Amino acid sequence: PDQLDSYFSFELSDQLLDAVRTGTAAKLLASYARMSRAMPATRWSPFLRNHDQTRTVTALGGDRVAARQAAELLLTLPGLPFVYYGEEIGMTGDKPDPRLRTPMQWSPGRAAGFTTGAAWEPLQPDSATANVAAQTGDAASLLSHYRTLIHLRANTPALAAGDFTPLQSSDPGVAAFLRRTGARVALVVANLATSPRTGVTISSSDSVLPAARYRTRDLLGGTTGAPLNVDRAGRLNAYAPLPTLAPRRTYVFDLTH
């Protein structure tokens, strides 16, 4: 217990990618709940991929929309998230191990701006387009999205250090959970499906929130969700955040009352 500040949680890594690959997060939320009960969130690090594993975009068959949502889950769920270099720009790479550790792609051109000398490995084929210089000025890029998510987590106490409560969704393709610290509450609703979901409702057990009528605002897109009523037992009862949830879209609602 006193030998490491934190350690990789490989189970959560696998569950994160499986969630976006299969379109369901039931196992993911159960794994996070189990880890949260076992020890403080400051002691374990969820991640997508590390230096020994096929990179996220490659593992997801080139699906960068799925990679984008994987980042959303990583950076809204508890723990100390770890981002392996290049994941934030969607670098590709597969085994053998040296091909997972190619030079960071800072800019197009020779050695991708990593060195003026000879790089230890040839660049990945997408280095001319998947690089920091190309994505920095693009508000829709994966790098810009990572930056938004990291700033959001750092500036939202509930996401940075809040308790974790998984919720029940009427649709297996929609994951929902609460993050809460004191009076600050965030409700995360992620449609993992590749199609829109209509009429989805979310419920909970007792005592998840103080009884009140909460206003909702999506911190990722400014969307205003439906007001959330929590009954006297502290329970959510078939709450419908929006009439339709967009495909592969994660909503991070700030709850106030």
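The values are calculated or read from the model by the stated rules, or taken from the named source; none is laboratory data. Just so it is clear, the structure is predicted and the values come from calculations on it, not from any experiment. Positions of Cβ are backbone-derived with ideal geometry, glycine not excepted, and every protein chain shown enters the neighbour counts. The area values use the complete protein model at the heavy-atom level, side chains included, leaving out ligands, DNA and RNA. Shrake-Rupley method; radii C 1.70, N 1.55, O 1.52, S 1.80 Å.
The set of residues in the stretch 200-245 being assigned to a loop (DSSP other than H, G, I, E, B), surrounded by fewer than 15 Cβ atoms within 10 Å (Cβ to Cβ) and touching a Pro at 6+ places or on another chain (Cβ under 9 Å) consists of 226 alone.
Assess whether residue 5 counts as being loosely packed, with under 14 Cβ neighbours inside 10 Å and of a type in the set (D, E, K, R). The answer is yes for residue 5.
Before we move on, is residue 29 open to solvent by less than 60 Å² (accessible area, probe 1.4 Å) and assigned to a helix (DSSP H, G or I)? Judged against the criteria, residue 29 is a match.
Within the set of pairs 6+ apart or on separate chains, which have a first residue in the stretch 62-91 that is without any contact (Cβ under 8 Å) to a residue 24 or more places away in the chain, a second that is open to solvent by less than 50 Å² (accessible area, probe 1.4 Å) and not small (Gly, Ala, Ser), and C-beta atoms under 7 Å apart? Final answer for the pair search is 85/104.
Within the stretch 127-173, being of a type in the set (Val, Ile, Thr) and more than 14 Å from the chain's Cα centre (by Cα) holds for 129, 132, 136, 156, 165. So, of the residues in the stretch 149-173 that are farther than 21 Å from residue 34 by Cβ and not in a helix (DSSP H, G or I), which turns out to be most open to solvent (accessible area, probe 1.4 Å)? Checked the stretch 149-173; the qualifying residue most open to solvent (accessible area, probe 1.4 Å) is 170. Among the residues of the stretch 11-38, those that are touching a residue at least 40 places away in the same chain (Cβ under 8 Å) and either in contact with a Phe, Trp or Tyr (Cβ under 7 Å, 6 or more places away or on another chain) or among the small types (Gly, Ala, Ser) (or both) comprise 12, 13, 19, 23, 25, 26, 29, 30, 32, 33, 35, 36.
Checked against the criteria, residue 25 does not count as within 16 Å of residue 160 (Cα to Cα) and modelled with pLDDT under 95. One residue stands out in the stretch 246-257 among those that are closer than 17 Å to residue 181 by Cβ and of a type outside the set (Asp, Glu): the one that is surrounded by the fewest Cβ atoms within 10 Å (Cβ to Cβ), namely 256. Does the stretch 99-115 contain at least one residue that is polar (S, T, N, Q), within 16 Å of residue 56 (Cα to Cα) and touching a residue at least 12 places away in the same chain (Cβ under 8 Å)? Yes, the stretch 99-115 has at least one match.
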